[in-house]
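Computed from the coordinates by the stated procedures, all read-outs in this text should not be read as laboratory data. Just so it is clear, the model here is predicted, and its values are computed rather than measured. Here the Cβ is made from the backbone with ideal geometry for all residues, glycine too, and neighbour counts use every protein chain on show.
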Amino acid sequence: MRQSGYRKGMQETGSGIYSYLQPDGSWGWSNAGLIVDGGESLLVDTLFDAPLTRDMLKVMADATGITAERIDTVVNTHANGDHTHGNGLCTHAEVIASDAGAREMEAFGPEKLKALMDMAPALGETGKYFVSIFGAFNFGDVAEKLPTRTFSGELSLDVGNRRVELIEVGPAHTRGDVVVFVDHDQAAFTGDILFIDGTPIMWAGPVSNWLAACDRIMERIPAVIVPGHGPITDVRGVQRVKDYLTYIDQEARRRYDAGLTVREAAMDISLSDFDSWTDAERIAVNVDTLYREYRGDRRPPDTLELFTLMAEIHKSRRR
């Protein structure tokens, strides 16, 4: 559920636990977190480009005295650039990600996004859609730093006297999703397992893993839940994400069994109770991932084809 106080910038969500929010939470406007105790620090995710990350790190330094050079650890919740492209500004930090997340970062660097943006004028409606969702970001000014430490399953860290648990829950949104719990259940930083008031996008799947990740978060009842995108939430917000994924799985399965194509299914499914969420066109990716799961098809998706379909759906919904 949406909570009050959803505004750009940093807020203290517990003693020494901070969140950094970027409304409106749509494409690229991700959240991050900072844990500080006993002179030690851990940053959960960086932002989509270096300018945005510099601004965030300055705000954090002004509030806590912890400058970018003094951050000890960066944890990347997954491989998407809006959670990683500022890693290199934390010059002395150990960068931690799941094994699968690290491999995905190596395979899809910022140069690919920059190339897509450079191609945008030649891509018609798809290019216009690229510019509308990514035009605010500078993929020519990023600060890359790949993970220096990886893990599988679970990893516990100490930040001063605080215990930070990294729990691998992917593949789901991406191949290597990680949820970060602080002091058992005082706070949870979920990465893109949670989009609040925005449509989740399932690049990897299977959907069962994502549903299990939602259950795992809800079972622990964290006092504060910081999603990858959108406002701070509680277990009701987690349940809404689970409800969306369950609904889309059921509706996609019916249309798959009936022989509809991905495009036909994505156009046909009513968004029902989720119609007010941003980025509804992401249903194209979700249906495509579900169809590939139903077929047992392990090939990667055709990303450009999916963005073309999202552009079409986005334009049709604006009429």
Going by how many other beta carbons lie within 10 Å of each one, how would you line up PHE189, PHE134, PHE108, fewest first?
PHE108, PHE134, PHE189
Considering only DSSP beta bridges whose two residues both sit in the stretch 9-234, what percent are antiparallel, to the nearest 5?
70
R0 = 25 Å: FRET efficiency of ASP243 with GLU264, Cβ-based, nearest 0.05?
0.55
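What ranking do THR67, THR278, THR233, THR126 get, fewest neighbouring Cβ atoms within 10 angstrom at the top? Let's see the in-between values first.
On the way: THR67 14, THR278 17, THR233 24, THR126 20.
Ordered by Cβ neighbours within 10 Å, fewest first: THR67, THR278, THR126, THR233.
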Work through the residues other than LEU42 whose Cβ is under 14 Å from its Cβ and net out their charges, Lys, Arg +1 and Asp, Glu -1.
-4
Relative contact order for the chain: what percent, with Cα pairs under 8 Å and sequence separation of 6 or more?
17
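If R0 is 25 Å, what FRET efficiency do you get for ASP118 and LEU146 from their C-beta distance, rounded to 0.05? Write out the running numbers ahead of the final one.
Details: r = 23 Å, r/R0 = 0.94.
Efficiency at R0 = 25 Å is approximately 0.60.
If you wrap a convex hull around the alpha carbons of the stretch 9-234, what volume per residue comes out, as a whole number of Å³? Mind dumping the intermediate values first?
Working: hull volume 24.1 nm³, N = 226.
Normalising the Cα hull of the stretch 9-234 by residue number yields 107 Å³.
Take every Cα pair under 8 Å in the stretch 19-99 that's 6+ residues apart, average their separations, divide by the length, and report that relative contact order as a whole percent.
29
Listing THR174, THR46 from the residue with the fewest other Cβ atoms within 10 Å to the one with the most, what is the order?
Values: THR174 27, THR46 33.
Sorted ascending by nearby Cβ count, the order is THR174, THR46.
Total Lys pairs in the chain closer than 21 Å by alpha-carbon, pairs eight or more apart in sequence or interchain only? If you can, show how the numbers build up before the last one.
On the way: LYS8/LYS58; LYS58/LYS145; LYS112/LYS128; LYS112/LYS145; LYS114/LYS128; LYS114/LYS145; LYS128/LYS315.
Here the count comes out as 7.
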In nanometres, the difference between 0.36 nm per residue of separation and the alpha-carbon distance of ASP273 and LYS8 is 92.7 nm
Computed label-point distance, nm, for sites THR64 and ILE221 using a 7 Å Cα→Cβ extension:
2.8
The answer for the net charge of residues other than CYS214 whose Cβ lies under 12 angstrom from its Cβ, with Lys and Arg +1 and Asp and Glu -1, is +1
Tensor-based shape of the stretch 115-186 (alpha-carbon gyration tensor, a/c under 1.5 rounded, otherwise prolate or oblate)
prolate
